[in-house]
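The values are calculated or read from the model by the stated rules, or taken from the named source; none is laboratory data. Keep in mind it's a predicted model, so treat the numbers as computed, not measured. Here the Cβ positions follow ideal geometry from the backbone for every residue, glycine too, while neighbour counts run over all protein chains shown.
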Amino acid sequence: QEKVQQSPESLIVPEGAMVSLNCSFSDSASQSIWWYQQHPGKGPKALISIFSNGNKKEGRLTVYLNRASLHVSLHIKDSQPSDSAVYLCAVEDTGNYKYVFGAGTRLKVIA
Amino acid sequence: EAAVTQSPRNKVTVTGGNVTLSCRQTNSHNYMYWYRQDTGHGLRLIHYSYGAGNLQIGDVPDGYKATRTTQEDFFLLLELASPSQTSLYFCASSGQYEQYFGPGTRLTVL
């Protein structure tokens, strides 16, 4: 079964900082990888996905995937207090539409 | 925006009690999921379904049953609730891409 680990567990940064979140997984044959954002008292919301090795940029978000090292990272440029949330990494388990989630990284951006 | 609703939003029951959590999606999505979220564990998949009448076993299924009665409705059943099932439960739906989550149900088993 796919295993997903995220680091760090928590992070506090000043407004405007670049944020880097990490996610490692166990199966190089896994399909798509998603990052979700979860604010307190809410359900997770999808932010960005990646399937192929390399990087993908959407607005202030960039995601990097390296299947050989079983690692994916999410980078948030010019962080804002509204980015304060828990970020979850989700890895699809070999094409069966079943996802395994990491435990999350709690981000706090201080104004 | 895709919509997923859950009921009840909060539920308190006693050990051995029966609980049914409901989920409805209006997205015409084929896939629906039930997760539980606990501190330190993130989201863990209980059961999922790819259509009415279908049920797939997730990663933490013990003590839970589920039923998908229609394309829109997915239910999670706890027939003999235990304190270890105290948790925050999320339902989600998905087409081919991202999952859309409901607002969650907080269940407390005393």
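Observations
Quick grid of which residues meet (1) within 14 Å of another protein chain (Cβ to nearest Cβ); (2) surrounded by 18 or more Cβ atoms within 10 Å (Cβ to Cβ); (3) touching a Lys or Arg at 6+ places or on another chain (Cβ under 8 Å); (4) within 29 Å of residue B:29 (Cα to Cα):
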| position | (1), (2), (3), (4) |
| --- | --- |
| A:40 | yes, no, no, yes |
| A:44 | yes, yes, no, yes |
| A:59 | no, no, no, yes |
| A:77 | no, no, yes, no |
| A:98 | yes, yes, no, yes |
| A:107 | no, yes, no, no |
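- Residues located in segment B:53-83, provided they are surrounded by 15 or more Cβ atoms within 10 Å (Cβ to Cβ), more than 15 Å from residue A:98 (Cα to Cα) and without any contact (Cβ under 8 Å) to a residue 40 or more places away in the chain: B:64, B:66, B:67, B:68
- Within segment B:24-41, being closer than 18 Å to residue B:54 by Cβ and within 11 Å of chain A (Cβ to nearest Cβ) holds for B:29, B:30, B:31, B:32, B:33, B:35.
- Output for segment A:94-111, where each listed residue is part of a strand (DSSP E or B) and within 17 Å of residue A:34 (Cα to Cα): A:99, A:100, A:101, A:105, A:106
- Of all residues in segment B:1-32, those that are part of a loop (DSSP other than H, G, I, E, B) and either surrounded by fewer than 19 Cβ atoms within 10 Å (Cβ to Cβ) or free of Cβ contacts under 8 Å to residues at least 60 places away in the same chain (or both) total 14.
Yes or no, residue by residue, for (1) under 29 Å from residue B:3 (Cα atoms); (2) at pLDDT below 95:
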position	(1), (2)
A:19	no, no
A:22	no, no
A:37	yes, no
A:41	yes, yes
A:46	yes, no
A:57	yes, no
A:62	yes, no
A:88	yes, no
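- Number of the condition not met by residue A:91 [criteria: (1) within 13 Å of chain B (Cβ to nearest Cβ); (2) under 30 Å from residue B:55 (Cβ atoms); (3) part of a loop (DSSP other than H, G, I, E, B)]: (3)
- Verdict on residue A:13 being surrounded by 15 or more Cβ atoms within 10 Å (Cβ to Cβ) and within 14 Å of chain B (Cβ to nearest Cβ): no
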